[in-house]
Structures are given as C-alpha cells and as structure tokens.
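Here the structure comes first, spelled out in structure tokens, and everything after it is commentary.
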Amino acid sequence: MTSTPNSSGHAQPSRTHDHAKDVPGLSDARLLLAAAINGLLTIVQVIGGLLSGSLSLVADALHNLSDAGALLIAWTARRIGRKPADHFQTFGYRRVELVGALINATTLNLVGLYLIYEAVMRVVDPPPVTGWTVVIVAGVALAVDLVTALLTYAMARGSLNVRAAFVHNVTDALGSVAVIVAGILILRYQLYLADVIATFLIAGYALYHGVVITRQASRILTLGAPVGVHVPALADALRSVDGIVDVHHVHVWDLDESQKSFEAHIVVERQDAVLAERVKQLARAVLERHGITHSTLECEYGAVKDGCREGEVVTPH
C-alpha cells in the first residue's frame, strides 16, 4: 500500500480506505445465527436439567446463555464499529470492537475462576452420580457448540472481538466433552476425579485466552506501541534517510487491529520546501516497510537556538 501526502504533511493510503471498513469474510448473520442456536440450546438444557433433576445441567444452560450474550455483544460492537468517522469520533468507531472484546474477555476470566471454584467444591463435596440423561443432553450441547464454533471460527482469526466470543463457545464445547467423558467414567467406574481434572483443564483454557485477549485489547486501547514495531529502531531507520538530521517526538500506536499510526518531528538539513517534501516521501517509504498505514511528519529546520530549532513550528499534541 502506498501513501499520498496532503498539504499538512499527513499521509493517507492511496487506495480508498474507510476507518470503519469490515474485515473481509466477517458476517453479522453468522453471529446472530450462532447466538440464536445458543439460545435454543439453553432452552433444551433447562428442560433436560428439570427432567433429570440435574442442577449442574441447568447451570450449564446459564453458561450457554452467557455464550449467546457474548455473541450478541460481539455483533453489537461490530455494528457500531462499522460507523464512519464523524466530528465526534474523528478516527471512526472501530475501537468499539476492542471494547466488546475486553468485555467478553473479562467474562471469560470470570468463567475460568468460577470453574476453578466448582472443581475445588467437587473435591470437598462430590456431586451425586451423573445420570444418562445428562450425558445425552451434553452430547446435544456439544454438537450445537461445535456448529456455533464453526460459524465464528473464520471470523475469529481477524477480530479480537469475535475471537473472545469464539473462545466462549469453545470453552462450553470442552465443558460438554468433560460432562460426557466424566459422566461415563463416573457411571461405569466411579472415577469422580476425572470430572475434577477436566474442569481444571477447561478453567485453564478459559483463563489463558481471557488473559491474552485482555492484554491485546488493553494495549491497543491504551495507545501502546504495535506488536513487532521497535520504536528506537524505527527512529534510527528514519535518521538514516538522506536529508534527515534528527528525529524526535516519535509516537507509534495502533488505530485498531489492522491500522498503525505514526507521528514525529523530523529535522531537515536546511529550510527548503522541495527538500522537505522529498525527505517526507522517503520517510513515508521507510514507514510503509514497517507496516505503518497512517503517518504525520512535521519538518523542522536549522540549528538549535535557546532550546528550540530555528524555523520550528510548535503545535499542540
């Protein structure tokens, strides 16, 4: 992707770029369908729990309801994130998806902690023997969880927001596997420990992904430097450009999951408009090689005098 400068020295991608543009392959319909399927599964599990007298199955139904909620949060965040930039949100609304990811990642962490609590309680006070009704309903739940996971798998690769909802579904699918395997082992061999071990493993999976997504979303929301961009090395690369004397006031951050922004003051050898424009073009080429999609470069000229550079134009940040 190449950039073309405007009169203010801000580089924009040469092809039309909408801040709120969808990641290719994402589908709102899939998210809504997955949420609806989870809602139906919740009803089935509640009925199964009431028929079998299993409180654990009813509790799992509530977990599925939270999965549906996670999918709806992801869908809502995507809808808002698609709105174009306006005079209230000049960068657009794409970061709303990161807020959605942070909400769902937080609930994932809570689910993981709750599962650890449940596992400990099962050691202290083992539950009654699981009935075959619970195992059968868990099998149905597993099939549904796999379908909803497949619906969101492709989308999860390009969006933290959808990935958090996807992990919710995978966690629930693993829970269904645990209910089936542990249920059979308990019914046939009275191996209650299998249920506890499986619960700890699922809790670990949920917490791991919850923490990873929380860190990634938080880094972008707090304007952290993009992953893979070494700021000192990038500044040195700019200093090596012919005509640039120094680089300072360097700031690099992620606008969202796909766009990186850069701004800096570059000191040029002499006050020459033609030289300044040529230097900016060379600098932008360096930035593009480092994956920067938006850049703002401010030129300064001359030697240092009384702590300022002669010809420097000071602008607020």
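Each reported figure results from applying straightforward, stated rules to the coordinates on display, with no laboratory input. Since the model is a prediction, treat every value here as computed from it, not as a measurement. For neighbour counting, all protein chains shown are included, and Cβ atoms are generated from backbone atoms with ideal geometry for every residue, glycine included.
Points worth noting:
- Least to most buried among K280, K83 (fewest other Cβ within 10 Å first): K83, K280
- Dividing the mean sequence gap of close Cα pairs (under 8 Å, 6+ apart) by how many residues the range 13-221 holds gives a relative contact order of 27 percent.
- When only the Cβ of Lys, Arg, Asp and Glu is charged (+1, +1, -1, -1), the dipole of the range 13-221 relative to its Cα centre reaches about 800 debye.
- Sorted by Cβ density within 10 Å, fewest first, the residues T222, T76, T148: T222, T76, T148
- Shape analysis of the range 225-309 yields a ratio of the Cα radius of gyration to the Kirkwood radius, Rg/Rh, of 0.98.
- Sequence-separation-based contact order of the range 225-309, relative, with Cα cut under 8 Å and 6+ spacing, percent: 29
- Going from the fewest other Cβ atoms within 10 Å to the most, the residues E263, E277 appear in the order E277, E263.
- Just so you know, the Cα atoms of the range 13-221 work out to an Rg and Dmax of 18.9, 67 Å.
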